[in-house]
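Peer 1: Submitted below is the structure of interest, expressed as structure tokens.
Throughout, read-outs are computed from the coordinates displayed, never taken from laboratory work. The model shown is predicted, which means the values in this text are computed figures rather than measured ones. Neighbour counts run over all protein chains shown; Cβ positions are idealised from the backbone, glycine included.
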Amino acid sequence: MADIGIDVCGIRFPNPFVLASGPPGTNAKVIKRSFSLGWGGIVCKTISLDNSKVINVVPRYGKLKSRHEGHEVIGFQNIELISDRPFDVWLEELADCKEAHPDNVLIASIMEEYREEAWQEIIERTQETGVDAFELNLSCPHGLPERKMGAAMGENPEIVEEIVRWAKKYSKIPVWAKMTPNITDPKAPALAAVSAGADGISAINTILCIIGVNLKTLRPMPTVEGYSEPGGYSGPAVRPIALRHVMEIGRACPGVPVSGMGGVETAEDALQFLLLGASTVQVCTGAMLRGYEIISELCEGLVALMDEHGFDTVEEMVGKSLPFFDTHAGLVAKQQEAKRAKAGTTNRDGMWQGDIAKETQSLVGD
Ligand SMILES: Cc1cc2nc3c(=O)[nH]c(=O)nc-3n(C[C@H](O)[C@H](O)[C@H](O)COP(=O)(O)O)c2cc1C
């Protein structure tokens with residue numbers, strides 16, 4: 001039977017499935033329960049030094065449901081901030097989780113203001129709890145950017161480089177940088193993080209969105225005292241976008257572990273992230289909507305898929321589909337070459353008659 005454990009940054013993950021930062025890692029109780037259920041790793045809800053600045057609103061979630069029978073949730077919006085629980089309580093709980101589950105991987109998601117002393121303090125105090133790695137939240141798209149944090153940092157490669165450099169200066173454990181998808185070129189901040197010494201890249205955080213407008217009240221949702229703000233989109237609808245970001249980062253940063261996420265609910269979803277370069281796969285909305293117990297389906301499903309394709313280890317699958325991307329011009333050249341080989345004939349200019357005819361039609365059509 002296939003082995004689904006994997007070594008990443010010198011840390012042994014019993015399986016590549018990691019609960020992503022968010023409600024699934026909101027306190028020690030749920031973290032310990034999730035480890036017992038079989039999650040290989042957990043990234044805790046993002047913590048910061050001063051929770052008094054973190055004030056959440058209600059409601060803070062919105063759902064986009066399928067129009068078809070079953071009406072399952074296809075997209076999920078949140079305007080939730082980072083953890084509003086005190087830093088000292090978090091330190092005790094992280095130490096407690098690690099003591100109770102030494103063989104599972106606990107990653108501390110951290111976020112701070114744009115000051116080196118703040119990052120130094122949060123890193124030095126958090127790593128004393130025994131957590132295995134840090135994930136720098138440079139990507140929360142709502143609320144925090146108003147304080148010049150989260151995605152306000154992650155969308156600027158120079159700031160990403162500076163923060164990762166600070167983190168690496170004080171951290172004795174691996175540092176992953178979590179990327180925002182709300183940019184045009186995902187490679188730029190990822191490369192900046194890697195050049196500053198990041199040990200891994202996590203992608204993606206949520207995509208800025210508006211889940212809809214309530215057609216009775218004509219107010220945007222989620223509606224807080226009649227008003228709303230753009231929030232972060234997650235769940236199955238974002239998976240194709242997340243796969244593209246992971247692919248771009250995987251190709252741009254060979255050899256750097258990527259932790260992929262966005263809309264994963266099944267082993268089939270997860271395998272696609274692995275094939276596009278992720279070595280661990282994170283799940284947030286899938287666990288919120290379908291329950292933390294999906295971990296057994298994910299592990300069993302991955303073993304079955306590996307057996308079907310003849311893979312013995314997860315490492316063998318990582319990035320397996322990456323070589324099969326090309327530019328558009330590259331696809332055109334490959335297709336022309338294939339057609340040429342099939343037809344075995346070319347005209348004097350090296351173009352076949354069939355191509356000329358199609359090109360003319362498409363010019364007319366356009
Ligand atoms: C309600 C909610 C809260 C979240 N909070 C955090 C957070 O505190 N820190 C963070 O880095 N990402 C946070 N995320 C983003 C997720 O970790 C993940 O990047 C994103 O939701 C995409 O994965 P998914 O489709 O599996 O949810 C949150 C997501 C949701 C839905």
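Peer 1: Using the charge dipole of the chain (Lys, Arg: +1 at Cβ; Asp, Glu: -1 at Cβ; taken about the Cα centre), state which of Ala278, Gly301, Ala188 has its Cα farthest towards the positive end.
Peer 2: Ala188
Peer 1: Can you give the Rg/Rh ratio of region 78-184, where Rg is from the C-alpha atoms and Rh is the Kirkwood radius? Can you show the working numbers first?
Peer 2: Details: Rg = 13.8 Å, Rh = 14.3 Å.
Over the Cα atoms of region 78-184, Rg/Rh equals 0.97.
Peer 1: Amide H to amide H, which residues 5 or more places from Phe13 or on other chains are under 5 Å from it, using H placed in the peptide plane?
Peer 2: Hits under the 5 Å cutoff: Ile6, Asp7, Val8.
Peer 1: Hey, rough spin-label estimate for Val58 and Val332, points 7 angstrom out along Cα→Cβ, what's it come to in nanometres?
Peer 2: Rounded to a tenth, the inter-label distance reads 5.8 nm.
Peer 1: Please state, rounded to one decimal and in Å, the Kirkwood hydrodynamic radius that the chain gives when every pair of distinct Cα atoms enters the mean of 1/r.
Peer 2: Values: mean 1/r = 0.0460 Å⁻¹.
Final number for the Kirkwood radius of the chain is 21.8 Å.
Peer 1: What ranking of Val89, Val246, Val131 emerges when the number of other C-beta atoms within 10 Å of each C-beta is taken as an exposure proxy, fewest first? It would help to have the intermediate numbers written out before the result.
Peer 2: Values: Val89 14, Val246 31, Val131 22.
Ascending Cβ contact count within 10 Å gives the list Val89, Val131, Val246.
Peer 1: If you don't mind, there's one more thing I want to ask. Once you mark the trypsin sites (Lys or Arg not before Pro) that are in a DSSP loop and have at most 16 other Cβ atoms within 10 Å, what is the longest gap between them in the chain?
Peer 2: Values: sites that count: Arg60, Arg67, Arg115, Lys148, Lys172, Lys216, Lys320, Arg348.
Result for the longest clean stretch: 217-319.
Peer 1: Here is a further query. Using a Förster radius of 30 Å, what is the FRET efficiency between Leu218 and Asp84 based on their Cβ-Cβ separation? Nearest 0.05, please.
Peer 2: 0.45
Peer 1: While we're on this one: Pick out, from Ile249, Trp166, His71, the residue whose Cα sits farthest towards the positive end of the charge dipole of the chain, with +1 on the Cβ of Lys and Arg and -1 on the Cβ of Asp and Glu.
Peer 2: After comparing all options, I get His71.
Peer 1: Mean residue ellipticity at 222 nm from the helices of the chain, using -39,500 (n - 2.57) per DSSP H segment of n ≥ 4 over the full residue count, to the nearest 500 deg cm²/dmol? All intermediate terms of the calculation are to be shown ahead of the outcome.
Peer 2: Values: 12 runs with 137 residues, N = 366.
My calculation for the chain gives -11500 deg cm²/dmol from helical runs alone.
Peer 1: Related question: So what's the Cα pair-distance distribution over region 138-184, bin width 10 Å, in %?
Peer 2: Taking all Cα pairs of region 138-184, the binned fractions are 30, 51, 19, 1 percent.
Peer 1: Okay, next question. Where in region 209-250 is the amide nitrogen less than 17 Å from a point lying 7 Å along the Cα-to-Cβ axis of Asp185?
Peer 2: Taking a point 7 Å out along Cα→Cβ of Asp185, the residues of region 209-250 whose backbone N falls under 17 Å are 245-250.
Peer 1: Using a simple charge model, +1 on the beta-carbon of Lys and Arg, -1 on the beta-carbon of Asp and Glu, nothing else, what dipole does the chain show about its Cα centre, in debye to the nearest 20? Walk me through the numbers before you get to the answer.
Peer 2: Values: 35 positive and 49 negative charges, 198 e Å.
That gives a dipole near 960 debye.
Peer 1: Of the candidates Gly212, Gly62, Gly344, which one comes out as most mobile in a Gaussian network treatment of the chain with C-alpha springs shorter than 10 Å?
Peer 2: Highest fluctuation of the listed residues: Gly344.
Peer 1: If you plug each phi of region 19-24 into the Karplus form 6.51 cos²θ - 1.76 cosθ + 1.60 with θ = phi - 60°, what whole-Hz ³J(HN,Hα) values come out, in order, with x for Gly and Pro?
Peer 2: After applying 6.51 cos²θ - 1.76 cosθ + 1.60, I find 6, 6, 4, x, x, x Hz.
Peer 1: Calculate the dipole size of region 43-124 relative to its Cα centre from +1 charges on Lys and Arg beta carbons and -1 charges on Asp and Glu beta carbons; express the result in debye to the nearest 20.
Peer 2: 760 debye
Peer 1: Another question, then. Evaluate the distance, in nm, between pseudo-label points positioned 7 Å from the Cα of Glu121 and of Glu229 along their respective Cα→Cβ axes.
Peer 2: About 2.3 nm separates the two model spin labels.
Peer 1: Given Cα positions, please report Rg to Rh for region 175-307, the hydrodynamic radius being the Kirkwood one. It would help to have the intermediate numbers written out before the result.
Peer 2: Numbers: Rg = 16.7 Å, Rh = 15.9 Å.
Here the Rg-to-Rh quotient is 1.05.
Peer 1: Could you let me know the centre-to-centre spacing of region 218-233 and region 260-293, using Cα atoms, in angstrom?
Peer 2: So the separation of the two Cα centres works out to 27 Å.
Peer 1: Related question: Connecting C-alpha atoms closer than 10 Å in a GNM of the chain, tell me which of Tyr227, Tyr61, Tyr170 has the biggest fluctuation.
Peer 2: The residue that fluctuates most here is Tyr227.
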